[in-house]
1. In segment 138-152, is there at least one residue being touching a residue at least 12 places away in the same chain (Cβ under 8 Å), more than 14 Å from the chain's Cα centre (by Cα), surrounded by 19 or more Cβ atoms within 10 Å (Cβ to Cβ) and within 16 Å of the ligand (Cβ to nearest atom)?
2. When both residues are 6+ apart or on different chains and their Cβ atoms are under 9 Å apart, which pairs have a first residue that lies in segment 46-60 and is more than 23 Å from residue 13 (Cα to Cα), and a second that is among the β-branched types (Val, Ile, Thr) and surrounded by 10 or more Cβ atoms within 10 Å (Cβ to Cβ)?
3. Regarding residue 34, is this residue surrounded by fewer than 20 Cβ atoms within 10 Å (Cβ to Cβ), more than 22 Å from residue 191 (Cα to Cα), in contact with a helix residue (DSSP H, G or I) (Cβ under 9 Å, 6 or more places away or on another chain) and in contact (Cβ under 8 Å) with a residue 60 or more places away in the chain?
4. Any residue at all in segment 70-89 that is outside any loop (DSSP other than H, G, I, E, B), out of contact with any Lys or Arg (no Cβ under 9 Å at 6 or more places or on another chain) and of a type in the set (Asp, Glu)?
5. Out of all the residues in segment 191-227, which are closer than 21 Å to residue 31 by Cβ and touching an Asp or Glu at 6+ places or on another chain (Cβ under 9 Å)?
6. So residue 177 clears everything in (1) more than 14 Å from the ligand (Cβ to nearest atom); (2) closer than 30 Å to residue 302 by Cβ; (3) over 16 Å from the mean Cα position of the chain (by Cα); (4) not acidic (Asp, Glu) except one condition, right? Which one?
7. Among what's in segment 108-137 and is in a helix (DSSP H, G or I) and charged (D, E, K, R), pick the residue that is nearest to the ligand (Cβ to nearest atom).
Amino acid sequence: MSSPGGKTARAVAHPNIALAKYWGKKAAPGNVPAVPSLSVTLAGMCTTTEVSFDDALASDAFTLNGAPAAAAPLARTTELLDRVRALAGIRTRARVHSANDFPTASGLASSASGFAALALAATRAAGLDLAPSQVARVARQSSASAARSLFGGFAELDTEGETRAVAPAAQLDLHVLVCVTSELEKAVASTSGMLETAKKSPYYASWLDAAPRIFADVKAALLARDFERLGEATEASAFAMHASAMAAGIVYFNAGTLAALEAVRELRKGGALAYATMDAGPHVKVLVLGGDRERVLERMQKVEGVLRVLETRPGNAASVEAS
Ligand code: PMV
């Protein structure tokens with residue numbers, strides 16, 4: 001239901017990194033994942049998005065990082081706005097300004113924070129006051145991983161398309177070291193990577209079979225605060241996902257990815273509890289607890305092919321900013 005007082009709203013959202021990966025979609029409409037996923041929302045990186053509904057506009061307008069967006073991102077923005085307009089019972093077009101404080105479309109999960117911030121700002125600007133799980137449904141239809149960024153700490157997305165909080169940010173003394181191995185945009189967008197995997201990979205069926213068990217392991221380890229089990233299950237999820245994609249010819253790794261993975265294995269041999277995960281891009285995200293943070297950070301900064309390391313911690317839910 002819409003209420004007066006809408007029109008303009010600004011929201012901030014953080015990216016999230018899946019510990020148990022989502023890879024593959026159900027055949028039904030609505031962009032519903034074929035497997036459950038569990039992620040941690042990251043502080044230290046954010047998207048800020050302002051949405052203004054304006055009767056004077058003939059069509060939606062979208063600037064991304066200060067420049068008018070290309071046709072494809074504009075179309076995806078309009079699709080989300082159309083869902084919000086349908087919910088609010090309005091037809092007004094909107095002006096959207098969005099900015100990331102980290103590289104866009106490079107596998108650093110900008111679509112997650114981007115669509116989370118857009119869904120939250122647009123629903124508020126349209127006069128809707130929805131619960132996070134309801135805003136998450138709006139975001140999910142544009143980018144399933146975005147649904148999880150409506151929540152802080154650790155969140156899950158199930159195979160009905162519903163999202164919920166699993167544990168608060170303080171559940172573990174977790175640090176996520178984002179080892180950037182390329183400044184380029186990712187080669188294959190996640191949706192086409194998933195579709196190719198489902199169509200061509202001989203291991204896609206195995207992934208669908210294994211993913212729910214790995215998810216259950218990740219979740220149980222998190223709830224038990226068992227970091228070693230959590231790290232092992234997180235790596236198992238990433239490698240199973242990438243193996244299924246690689247068997248379809250979808251390779252996100254570069255030389256820096258492999259060098260970083262080797263460094264993580266060496267660190268473990270030396271007694272540090274460090275674990276790696278990779279998404280639809282070449283960067284390696286290393287999970288570590290506070291006690292090992294410094295030595296793992298120092299080592300990862302020296303890896304050939306790692307351009308820089310961003311330090312992040314579990315962060316807050318997406319929020320509306322006072323304008
Ligand atoms: O929701 P999308 O289209 O951004 O796809 C996300 C895919 C992965 O990042 C690889 C896994 C995940 O669960 O976030």
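The values are calculated or read from the model by the stated rules, or taken from the named source; none is laboratory data. All of these numbers come straight from a predicted model, not from anything done at the bench. Here the Cβ is made from the backbone with ideal geometry for all residues, glycine too, and neighbour counts use every protein chain on show.
1. So the first thing to find is which residues in segment 138-152 are touching a residue at least 12 places away in the same chain (Cβ under 8 Å), and the list is 138-152.
With the extra rule that they be more than 14 Å from the chain's Cα centre (by Cα), the set shrinks to 138.
Then keep just the ones that are surrounded by 19 or more Cβ atoms within 10 Å (Cβ to Cβ); that gives 138.
Those left that are additionally within 16 Å of the ligand (Cβ to nearest atom): 138.
Taking every residue of segment 138-152 in turn, at least one turns out to be touching a residue at least 12 places away in the same chain (Cβ under 8 Å), more than 14 Å from the chain's Cα centre (by Cα), surrounded by 19 or more Cβ atoms within 10 Å (Cβ to Cβ) and within 16 Å of the ligand (Cβ to nearest atom).
2. Cβ pairs passing all conditions: 54/8; 54/92; 55/92; 57/92; 59/78.
3. Values: surrounded by fewer than 20 Cβ atoms within 10 Å (Cβ to Cβ): yes; more than 22 Å from residue 191 (Cα to Cα): no; in contact with a helix residue (DSSP H, G or I) (Cβ under 9 Å, 6 or more places away or on another chain): yes; in contact (Cβ under 8 Å) with a residue 60 or more places away in the chain: yes.
In short, no.
4. Yes, segment 70-89 contains a residue that is outside any loop (DSSP other than H, G, I, E, B), out of contact with any Lys or Arg (no Cβ under 9 Å at 6 or more places or on another chain) and of a type in the set (Asp, Glu).
5. 215
6. With respect to (1) more than 14 Å from the ligand (Cβ to nearest atom); (2) closer than 30 Å to residue 302 by Cβ; (3) over 16 Å from the mean Cα position of the chain (by Cα); (4) not acidic (Asp, Glu), residue 177 is out only on (3).
7. Going residue by residue through segment 108-137, those that are in a helix (DSSP H, G or I) are 110-125, 132-137.
Checking which are charged (D, E, K, R) leaves us with 124, 137.
On the way: 124: 22, 137: 14 Å.
Looking at residues that are in a helix (DSSP H, G or I) and charged (D, E, K, R), I get 137.
Okay, residues lined up against (1) away from the ligand (no atom under 16 Å from the Cβ); (2) among the aliphatic types (A, V, I, L, M):
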{"position": "233", "(1), (2)": "no, yes"}
{"position": "236", "(1), (2)": "no, yes"}
{"position": "244", "(1), (2)": "no, no"}
{"position": "253", "(1), (2)": "no, no"}
{"position": "256", "(1), (2)": "yes, no"}
{"position": "266", "(1), (2)": "yes, no"}
{"position": "280", "(1), (2)": "no, yes"}
{"position": "287", "(1), (2)": "no, yes"}
